[in-house]
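Engineer: First the structure, which I've put down as structure tokens, then a few questions once you've had a look.
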């Protein structure tokens, strides 16, 4: 059986793009022009009515805030969605190589990641539509509400499963898996209760996934589970 290490190395490389793009969101000029207490991108994603939208784009800072949100959306569309999707898929493929019994489940979770990415792109189209016709209409916002919750819900489920698969491995990976799983579960909780906590959960899960991927990318090669039985 081919080693999973090449997949871990690819995941580690892709994580660099993920981190670079993720940090790029915070450097978008004008993103905080309106001085919102919440993260502007997350707040915009979780609007539920035209009134919520209007509150985020007051007249004195509207042009700068709209331009910044539009730049952020195109960064997401062109780069970030692909980066996190490929990262998670490579991690799941590597985990499947390590545990033959989990291959069927990892295929299901990969499908969830792809659906989440599609929901994310649909979400971006709804946000662009709202920006083009502030403060938007309730029908478009209702579509946005569904897309956002599908995206975050499926990604949190994928993170939780990645954590569980790490926990099936010995040593330090049980701890790493527990952290990843906790992040995924916090993401699900935040989706229902507090978007801020959901963002924290996703951040914890992804950082633990990235650190684990880098460690595994440069570990000393060991036989994969089930390889001895096939030899």
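Engineer: Report, by residue number, each residue of segment 1-27 that is surrounded by 15 or more Cβ atoms within 10 Å (Cβ to Cβ), part of a loop (DSSP other than H, G, I, E, B) and within 19 Å of the chain's Cα centre (by Cα).
Structural biologist: If the condition is that a residue be surrounded by 15 or more Cβ atoms within 10 Å (Cβ to Cβ), part of a loop (DSSP other than H, G, I, E, B) and within 19 Å of the chain's Cα centre (by Cα), then no residue fits.
Engineer: Go through segment 106-140 and count every residue that is surrounded by 14 or more Cβ atoms within 10 Å (Cβ to Cβ), in contact (Cβ under 8 Å) with a residue 60 or more places away in the chain and either in contact with a strand residue (DSSP E or B) (Cβ under 8 Å, 6 or more places away or on another chain) or part of a helix (DSSP H, G or I) (or both).
Structural biologist: Matching residues across segment 106-140 total 4.
Engineer: On to the next question. Take segment 78-105 and flag every residue that is within 13 Å of the chain's Cα centre (by Cα) and free of Cβ contacts under 8 Å to residues at least 60 places away in the same chain.
Structural biologist: Residues satisfying the conditions are 81, 82, 85, 89.
Engineer: Test residue 21 against the stated conditions and say whether it is farther than 19 Å from residue 205 by Cβ and in contact with a helix residue (DSSP H, G or I) (Cβ under 9 Å, 6 or more places away or on another chain).
Structural biologist: Judged against the criteria, residue 21 is not a match.
Engineer: Shifting gears a bit: Is it fair to say residue 43 is surrounded by fewer than 20 Cβ atoms within 10 Å (Cβ to Cβ) and in contact with a helix residue (DSSP H, G or I) (Cβ under 7 Å, 6 or more places away or on another chain)?
Structural biologist: yes
Engineer: Something else now. Tell me which residues, restricted to segment 163-209, are part of a helix (DSSP H, G or I), more than 24 Å from residue 36 (Cβ to Cβ) and in contact (Cβ under 8 Å) with a residue 60 or more places away in the chain.
Structural biologist: 165, 166, 209, listed by residue number.
Engineer: Residues in segment 46-75 that are closer than 22 Å to residue 143 by Cβ, within 21 Å of the chain's Cα centre (by Cα) and surrounded by 15 or more Cβ atoms within 10 Å (Cβ to Cβ): how many?
Structural biologist: Of the residues in segment 46-75, 7 are closer than 22 Å to residue 143 by Cβ, within 21 Å of the chain's Cα centre (by Cα) and surrounded by 15 or more Cβ atoms within 10 Å (Cβ to Cβ).
Engineer: In this structure, does residue 72 turn out to be touching a residue at least 12 places away in the same chain (Cβ under 8 Å) and either in contact with a strand residue (DSSP E or B) (Cβ under 7 Å, 6 or more places away or on another chain) or assigned to a helix (DSSP H, G or I) (or both)?
Structural biologist: Taking the combined requirement at face value, the residue satisfies it.
Engineer: What about residue 31, is it touching a residue at least 12 places away in the same chain (Cβ under 8 Å), over 18 Å from the mean Cα position of the chain (by Cα) and either surrounded by fewer than 21 Cβ atoms within 10 Å (Cβ to Cβ) or under 22 Å from residue 118 (Cα atoms) (or both)?
Structural biologist: Details: touching a residue at least 12 places away in the same chain (Cβ under 8 Å): yes; over 18 Å from the mean Cα position of the chain (by Cα): yes; either surrounded by fewer than 21 Cβ atoms within 10 Å (Cβ to Cβ) or under 22 Å from residue 118 (Cα atoms) (or both): yes.
Here the answer is yes, as residue 31 does meet what is asked.
Read-outs: derived from the displayed coordinates by stated rules, not from any lab. Fair warning: this is a prediction, and the values are worked out from it, not measured in the lab. Glycine also receives a Cβ, built like all others from the backbone with ideal geometry; neighbour counts cover every protein chain displayed.
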